[in-house]
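The block underneath contains the structure these notes are about, expressed in structure tokens.
The values are calculated or read from the model by the stated rules, or taken from the named source; none is laboratory data. Bear in mind the structure is a predicted one, so any value in this text is a computation, not a measurement. Backbone-built Cβ (ideal geometry, glycine too); neighbour counts: all protein chains shown.
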């Protein structure tokens, strides 16, 4: 799945899991840390005092990062949607410049690994090898992968609506976007009349096996 060439302007499904299937996220701070890395590593702009930003978010349920507009203006990738599960993640991302996705994933995985090992007094690999990636070859595949990613927490939610899951962009697509232009949802949402129609699409979509084959997460 990594025998592909990343190309600017193309979309890719990127995913990875914890080493030996270990849990990556043990509490809310871990989830928020990873979420912020996904959002703020979309450019080469350094983000300072990320711990302060996370503390502010945990206290106020909102975020305030001064470099936000620079990150948006100088993107190397566009983050389309994502889902963060206890021991793995899925993201749908567009490459904006040469090596953008490779650099992006390296930055957020390395940043989280350092944080995780320091916080839990561990050493060694946090993620299970090199991340996996699949090139999105059609608009149908793009839409199906969006639904697949947003359906991921269904078992975990035990009957609750998936758009209530905090660590996915489903609620940003179906209810209200929490992240503004740090999330580039237009490639998906612009194909629907409104958020309700998109939510119906996700709920009723039967995922085509060929789009998610070899994904055993």
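If you go through region 1-47 and keep only what is without any contact (Cβ under 8 Å) to a residue 12 or more places away in the chain and within 20 Å of residue 104 (Cα to Cα), you end up with 3, 5. Residues of region 149-168 that are out of contact with any helix residue (DSSP H, G or I) (no Cβ under 7 Å at 6 or more places or on another chain), touching a residue at least 60 places away in the same chain (Cβ under 8 Å) and in a loop (DSSP other than H, G, I, E, B): 152, 166. Any residue that is over 20 Å from the mean Cα position of the chain (by Cα) and under 15 Å from residue 140 (Cα atoms) - is there at least one of those in region 179-190? The answer is no; no qualifying residue exists.
When residue 106 is tested against (1) touching a residue at least 12 places away in the same chain (Cβ under 8 Å); (2) closer than 15 Å to residue 77 by Cβ; (3) surrounded by fewer than 20 Cβ atoms within 10 Å (Cβ to Cβ), exactly one condition is not met: (1). For region 112-125, the criterion of being touching a strand residue (DSSP E or B) at 6+ places or on another chain (Cβ under 6 Å) and surrounded by 12 or more Cβ atoms within 10 Å (Cβ to Cβ) is met by none of the residues. When region 143-160 is filtered for residues that are touching a strand residue (DSSP E or B) at 6+ places or on another chain (Cβ under 9 Å) and buried (at least 20 other Cβ atoms within 10 Å of the Cβ), the ones remaining, listed by number, are 145, 146, 148, 149, 150, 152, 153. When each of 78, 137, 74 is tested for being under 12 Å from the mean Cα position of the chain (by Cα) and farther than 26 Å from residue 19 by Cα, the lone residue that passes is 78. Scanning region 161-180 for residues that are loosely packed, with under 15 Cβ neighbours inside 10 Å and either modelled with pLDDT of 95 or more or closer than 22 Å to residue 96 by Cα (or both) yields one hit, 180.
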